[in-house]
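Take a look at the structure set out below.
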Amino acid sequence: MAQYDSNLDDHSVEAQTQNSVDKLHNAVSQALSHPAEQLIEQAEQSRTHAEHAIQQAKDSLGDDAVEVAEEMLDEEAGRLEQAKKMLRP
């Protein structure tokens, strides 16, 4: 019978959360560089995905484990608002 290693699983959840926030950062950067409706929508979808990933990580790991990811999410949400203003003044 295989031994279940919850520590590895925890690292996987953290990595997935970080990856989703990194993808959000890339999507927002793209939208800021080339303001277009499609890129704004893609960044919005990335934000939703990152929010879900953070919530799942909170549920399984606790608030402390996602504190940095939440700060990054807030920063990217602000940058996304800047991109929206550039497109829709």
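The values are calculated or read from the model by the stated rules, or taken from the named source; none is laboratory data. Note that the structure is predicted; figures quoted are calculated from it, not measured. Cβ: placed from backbone, ideal geometry, glycine included. Neighbour counts: every protein chain shown.
Filtering the range 44-58 to residues that are farther than 19 Å from Gln82 by Cβ and of a type in the set (A, V, I, L, M, F, W, C) leaves Ala53, Ile54, Ala57. Close contacts from the range 75-86, counting a first residue that is exposed (fewer than 14 other Cβ atoms within 10 Å of the Cβ) and assigned to a helix (DSSP H, G or I) and a second that is at pLDDT below 95 and among the β-branched types (Val, Ile, Thr), with Cβ to Cβ under 7 Å and a gap of 6+ residues or different chains, come to none at all. Is there a residue being loosely packed, with under 12 Cβ neighbours inside 10 Å and not in a helix (DSSP H, G or I) anywhere in the range 57-70? Yes, because at least one residue in the range 57-70 is loosely packed, with under 12 Cβ neighbours inside 10 Å and not in a helix (DSSP H, G or I).
Taking the criterion of being buried (at least 16 other Cβ atoms within 10 Å of the Cβ) and either charged (D, E, K, R) or modelled with pLDDT under 95 (or both), the residues of the range 18-50 that qualify are Gln18, Lys23, Pro35, Glu44, Arg47.
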